[in-house]
Amino acid sequence: MAFIGYARVSTQDQDTALQLDALGKAGCKTIFQEKASGSTRRGRQELARCLSSLGRGDVLVVYKIDRIARSLFDLLEILRQLEGVGATIKSVTEPLDTTNSMGVFVVQILGAVAQLERSMIRERSIAGQIAARARGRVPGRVRSLTLEAERALVQEYQKGEATYKALSLKYGVSESAAKRAVYRATKPGDYLKRSRC
């Protein structure tokens with residue numbers, strides 16, 4: 001039996017030191033760590049390596065359950081994978097132990113609560129954006145181009161007269177700002193959908 005740790009933070013600016021210390025004290029000799037968003041499992045390569053390294057009797061140790069799963073579906077999928085290889089999971093800061101049925105039940109409840117909390121945060125955020133629009137304020141970053149400059153930039157691009165890089169230098173904006181301006185003009189419906197995600 002081995003204690004295998006997994007630590008994750010969402011951005012490059014954050015630090016895993018607190019998690020690493022706690023996992024070390026919990027007896028983890030091997031710890032996988034990464035800086036990646038938890039929105040999908042696709043971008044978490046170290047998590048995939050961690051899960052594939054587990055065998056019968058091994059214990060996956062995390063600082064908090066939300067470090068490994070961002071939704072109840074994700075959590076249950078990981079639990080099924082652990083069960084398939086005969087491994088279990090424990091949290092350093094939460095009373096989790098999936099070696100018994102009560103522990104599995106607690107994990108499911110905590111996962112559901114975490115999902116509910118994220119849904120409520122998202123709903124509050126959307127409600128705030130709707131209220132801001134009703135007051136005449138458009139949420140999001142301030143446009144770096146005036147409407148006139150944006151139209152001129154788009155026209156130049158559509159004529160094939162300049163690249164995004166050349167346009168960004170000419171109008172004093174980033175290449176991504178130039179791309180957004182063209183995208184807004186050519187696919188406004190798609191851009192609106194993407195901006196709401």
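So how strong a dipole does the chain carry about its Cα centre when Lys and Arg Cβ are +1 and Asp and Glu Cβ are -1, to the nearest 20 debye?
Working: 33 positive and 20 negative charges, 176 e Å.
So the magnitude is around 840 debye.
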Which of 176, 91 has the fewest Cβ neighbours within 10 Å, and the rest in rising order: 176, 91
Run through the stretch 55-145 and list the trypsin sites (Lys or Arg not before Pro) located in a DSSP loop whose Cβ has at most 12 other Cβ atoms within 10 Å. 56, 135, 137, 141
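Viscosity 0.890 mPa s, temperature 25 °C: Stokes-Einstein D of the stretch 3-115 from its Kirkwood Cα radius, in µm² per second?
Details: Rh = 13.8 Å.
Taking Rh from Cα pairs, D becomes 177 µm²/s.
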Hey, for a label at residue 35 modelled as a point 7 Å past Cα toward Cβ, could you say which residues of the stretch 41-70 have their backbone N under 16 Å away? 44-46
For the chain: lysine pairs with Cα atoms under 23 Å, gap of 8 or more or different chains, count? 16
If unit charges are put on Cβ atoms (+1 for Lys and Arg, -1 for Asp and Glu) and the dipole of the chain is taken about its Cα centre, the option from 2, 130, 28 lying farthest towards the positive end turns out to be 130
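Rounded to two decimal places and with Rh computed the Kirkwood way over Cα pairs, what is Rg over Rh for the chain?
On the way: Rg = 23.1 Å, Rh = 20.2 Å.
We get a ratio of 1.14 for the chain.
For residue 123 and residue 108, compute 0.36 nm times the residue count separating them, minus their Cα-Cα distance, and round to one decimal in nm. Intermediate values should be presented prior to the final figure.
Numbers: separation 15, 0.36 × 15 = 5.40 nm, distance 2.24 nm.
Separation in residues times 0.36 nm, less the Cα-Cα distance, equals 3.2 nm.
How large is the helix-only mean residue ellipticity at 222 nm for the chain, computed as the sum of -39500 (n - 2.57) over DSSP H runs with n ≥ 4, divided by its residue count, in deg cm²/dmol to the nearest 500? Mind dumping the intermediate values first?
Details: 8 runs with 107 residues, N = 197.
After summing the helix terms and dividing by the residues of the chain, the value is -17500 deg cm²/dmol.
Each value in this text was obtained by applying a stated rule to the coordinates, not by laboratory testing. Predicted, not measured: the structure shown is a model, and the values here were computed from it. Ideal geometry is used to build each Cβ from the backbone, glycine not excepted, and the neighbour counts take in all protein chains shown.
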